[in-house]
1. Is it possible to state the helix-based mean residue ellipticity at 222 nm for the chain, with each DSSP H run of 4+ residues giving -39500 (n - 2.57), the sum divided by total residues, to the nearest 500 deg cm²/dmol? What is it?
2. Using only the Cα atoms of the range 200-262, what semi-axes does the equivalent ellipsoid have when each is the square root of 5 times a gyration tensor eigenvalue? Give whole Å, largest first.
3. Give me the angle, in degrees from 0 to 90, between the Cα long axis of helix 361-370 and the longest principal axis of the Cα atoms of the chain, rounded to the nearest 10.
4. Does anyone have the angle between helix 12-24 and the longest principal axis of the chain? Alpha-carbon axes, 0 to 90°, nearest 10?
5. Can you give the accessible area per residue of the chain, in Å², using a 1.4 Å probe?
6. Check cross-link reach from residue 306 to the lysines: straight Cα distance under 26 Å, and skip same-chain residues fewer than eight apart.
7. How big is the C-alpha Rg of the range 42-166 next to the rule-of-thumb value 2.2 N^0.38 Å, as a ratio?
8. On a 22 Å Cα-Cα criterion, which of the cross-link pairs 52/215; 173/215; 83/322; 2/70 come out too long?
Amino acid sequence: MKIKLGCIADDFTGATDLANNLVRSGMRVVQTIGVPTAPLAADVHAVVVALKSRTIPAAEAIAQSLAALKWLQAQGAEQIYFKYCSTFDSTPEGNIGPVTEALMDALGTDFTIATPAFPDNGRTVFKGYLFAGNVLLNESGMQNHPLTPMNDANLVRVMQAQTKRRVGLIDYKTVAQGAETIRERIAALRAEGVGVAVVDATSNDDLLLLGPALKGMPLVTAGSGVAIGLPANFGLQPSLQASQLPATSGLQAVVSGSCSVATNAQVAHFKATGRPAMAINPAALMHGQSDAQVQQVLAWAAPLLKDGPVLVYSTAEPDAVKAVQAQLGVAEAGALVEHALAAVARGLVDLGVKQLVVAGGETSGACVQALDIAQLQIGPQIDPGVPWCHAPSEDGGVHITLKSGNFGTEDFFSKAFTVLA
Ligand code: ADP
């Protein structure tokens, strides 16, 4: 069971986004949480190793990425894909540049591409400039990001600032002419001593034109968009089998710790359908009362589960969140709620829940940890960027979907179960 494509993602939800694109283009995919300690158990075309390396010190990001590379190579990976954010989230020191160069060195390759373009999601690159929606990256709000403020939309400059190798550009005119012209341009750039080329893409068709030119390139670095053009290089076409998961069984539940606008609407919608819902009040978790709260929630849920999905949520409107944060501190409030919801998720699974929706990026991380999940097979998409997954275990495993912040339509919490059925 050798894999074809080995992917290294610098954060968890970004990994899922990439895996989802690969599945939709015909690959069977497993996402791992961190670098696995054991060989791969499933028969898949690609593995996405999810790291949390976006904003850690560059040396640590390199070490983790190289460990992931080594494991992926041991599984037979023919091509490596380094996945970063579609807004190219990085600091002047990295980590996109340093990790790219470390992977190039380890793979013994002198050339790779770099493009966060994903036009269907509003990320386009034109003459090397990255647009988020209708505006340049540095006018998109990303200039105010707390950890990775992006003050320059020119990706050639941004990448050059964090890379020792020369950075060049494959522009939209070249891309429009297709794989052969792109390959000629790559050869010319290489001859000039360019090691990394930013690639323009203003439509998803551009990504499909780019795909064949990347065949055989040892390392590709990109957002999740470039993935749509790669499975065809391995003779794979979109298919239903790619997203097939084991048959579903067991009870259904939703755990929501996201306070995003979309999630607030999803909680309201679920309640309006008349399904049972229980709110967790962060103040009630203080002073060591978290365990008692969790037990109370589980006692409430136990008799209801046989009749259909239940919702447990801490989701609240901004004013309520601010009030709690003022009382507890931002970090403390977050940690208390994440811990309680993760314990609820664990308890629900122990009660027989085998189909679980989790809302919130950080909340998802906490729940996956509490459920001891190390590998997820990626299944059918519920909404753009949000697939069902299956975490195998001795007792048949759990179907789980991890919805970050503003993803999903209003009826997501009900629709998800329909998609799985
Ligand atoms: P999103 O994907 O929407 O950003 P996250 O789960 O990543 O959601 O982040 C939400 C954070 O807010 C978590 O740390 C969570 O524990 C915290 N939180 C959830 N509900 C509340 C609440 N009612 N009051 C304060 N903090 C909350």
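1. Helices in the chain give a 222 nm mean residue ellipticity of -11000 deg cm²/dmol.
2. Equivalent-ellipsoid dimensions as semi-axes: 32, 20, 11 Å.
3. With rounding to tens, the tilt is 70 degrees.
4. The angle comes out at about 70 degrees.
5. Result: 41 Å² per residue.
6. The qualifying lysines are 271, 354, 403, 415.
7. This ratio for the range 42-166 stands at 1.09.
8. The answer is 52/215; 83/322.
The values are calculated or read from the model by the stated rules, or taken from the named source; none is laboratory data. A quick note: this is a predicted structure, and the numbers were derived from the prediction, not measured. Virtual Cβ from ideal backbone geometry, glycine too; neighbours counted across all protein chains shown. The protein model used for the area step is the full one, side chains on, heavy atoms only, and it has no ligands, DNA or RNA in it. Shrake-Rupley method; radii C 1.70, N 1.55, O 1.52, S 1.80 Å.
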